[in-house]
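The values are calculated or read from the model by the stated rules, or taken from the named source; none is laboratory data. Quick caveat: nothing in here was measured; it's all calculated off a predicted structure. Backbone-built Cβ (ideal geometry, glycine too); neighbour counts: all protein chains shown.
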Amino acid sequence: MAVSTRRALALRALGLGDLLTAVPALRALRRGLPGTRITLAAPAVLDPLARATGAVDDVLPVDGLEQPLPPAGPVDVAVNLHGRGPQSHRLLAASAPRTLMAFACPGYGDGPGWDPDEHEVSRWCRLVAAFGFDADPADLDLPAPATASPAPGAVVVHPGAASPARRWPAERFAAVASALRDGGERVVVTGGPGEADLAGRVVRLAGLDETADLSGRTPLRDLAALVAGARLVICGDTGVAHLATAFRTPSVLLFGPTPPGRWGPPTDRAEHHVMWTGHRGDPHGRVPCPGLLDISADQAIEAAEKALVNAHERGPTRGPR
C-alpha cells in the first residue's frame, strides 16, 4: 500500500472522554483530507480506540503539554484539538506546519473565538468547520469491538472519576449495585489501576461476589468491549460515560459539578438518563460537589430500573445508524 506523503497532526493529549468527544471533528478531517495521513498526538493507551474511530492512522504518544512533541515528520496541517493556547499552540507550531488550525490566540493567527460554555463536542466541530471541514456533532458512534466482553450482559458500575469533585459516594454506588443484584442483574464494578480500593469497597458494601470486582483488570480494549456488551452503565462524568455514548449502551450518568450541557450525551438519545441538580462548581475540587451529593441512591436506583425497562421495550438499537 502506498504511503501518503501528506500528514495532518492533531493534538489531544488528554484522557478517554476527551478523545471520544473529539471523534466528530477527527472524522471531518478524515473526510476533508483524502490521501493524508492523520496522526493523533495523545496518550499511548488510547491507541486502540483512536484507530477504531476510522479517522486516525497512528498515535504519537504524548501525555500532557510539558514536553515537546516527538518528531512526526513533515506536517502539512496541524490541528489543536487540545485547548485554546498558547502552550498547546506553541507545541504544534514547533512542528512547522504549513497550516495551523486553532482557536484565536495572540501570535497564532485568526482562528475562531473560544466559548467557555460550549459543549465539548460542538467546540471542536466548530473549530474544524471554521477551516472548511464539515463536521457532524452526532457522529459519535464506534463500531462494536472485536474483543469479547469479560462480562457480557452485565450492569457495569464505575464509581471512579478523575477528581473528588466528580465522585459520587461509594456507599451510594454500592446501594445501587446491591438493589440491581437483588433484582436479578449481574453487576460488575470497574476502575482503573489506581481505583482498586474504591472499586473493592463498592463490591464489599454491596455484598457482591469478589469476582464482580474488575478493577485494574480491564485494559482499554476489554473495557470498551465490556461497555459495548453491557445491559446498563452507571457512572459519573467520566470517560466510561462517553464509551456508553459511543456504543449506545443504556446509561445512568451522575453529573456534577460540570453541567451535562458541556460534557453530556446527545439530548436526543433516550437510552442515556442524565441526573444533574443544576449545581455548578470546580470540576477539579477536592471534595464531592454538593449538587452531586443531592442525588440520592434511591433516585439513582429508580433511574436504573427505568433505564433497564426502557431498553427492554426498545429492543436492540445499538451501533451506527
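Across segment 95-110, which residue is nearest to A144 (Cα to Cα) among those that are of a type in the set (A, V, I, L, M, F, W, C) and not in a loop (DSSP other than H, G, I, E, B)?
For segment 95-110, the residue satisfying everything is M101.
Within segment 256-290, how many residues turn out to be crowded, with 18+ Cβ neighbours inside 10 Å, touching a residue at least 24 places away in the same chain (Cβ under 8 Å) and either farther than 22 Å from A228 by Cα or more than 19 Å from the chain's Cα centre (by Cα) (or both)?
Counting residues in segment 256-290 that are crowded, with 18+ Cβ neighbours inside 10 Å, touching a residue at least 24 places away in the same chain (Cβ under 8 Å) and either farther than 22 Å from A228 by Cα or more than 19 Å from the chain's Cα centre (by Cα) (or both) gives 6.
Does G200 satisfy the condition of being modelled with pLDDT under 95 and within 26 Å of G256 (Cβ to Cβ)?
Taking the combined requirement at face value, the residue does not satisfy it.
Which of the helices (runs of 4 or more DSSP H) found entirely inside segment 188-306 contain at least 3 residues meeting this: aliphatic (A, V, I, L, M) and either under 21 Å from A146 (Cα atoms) or in the same structural domain as V176 (by TED's automatic domain parsing) (or both)? Reasoning before the result, please.
On the way: elements: 196-206, 220-228, 239-247, 260-263, 290-293.
Output list reads 196-206, 220-228, 239-247.
Tell me, please, whether a residue that is assigned to a loop (DSSP other than H, G, I, E, B) and among the polar types (S, T, N, Q) can be found in segment 171-186.
The answer is no; no qualifying residue exists.
Considering A135, A94, A175, which residue is surrounded by fewer than 17 Cβ atoms within 10 Å (Cβ to Cβ) and in contact (Cβ under 8 Å) with a residue 12 or more places away in the chain?
On inspection, the qualifying residue turns out to be A94.
In segment 1-21, what residues are buried (at least 18 other Cβ atoms within 10 Å of the Cβ) and in a strand (DSSP E or B)?
R7, A8, L9, A10, L11
Quick check on this structure: which one of G64, G107, G73, G54 is assigned by TED's automatic domain parsing to the domain that holds L16 and modelled with pLDDT of 95 or more?
Numbers: G64 fails: modelled with pLDDT of 95 or more; G107 fails: modelled with pLDDT of 95 or more; G73 fails: modelled with pLDDT of 95 or more.
Result of the check over G64, G107, G73, G54: G54.
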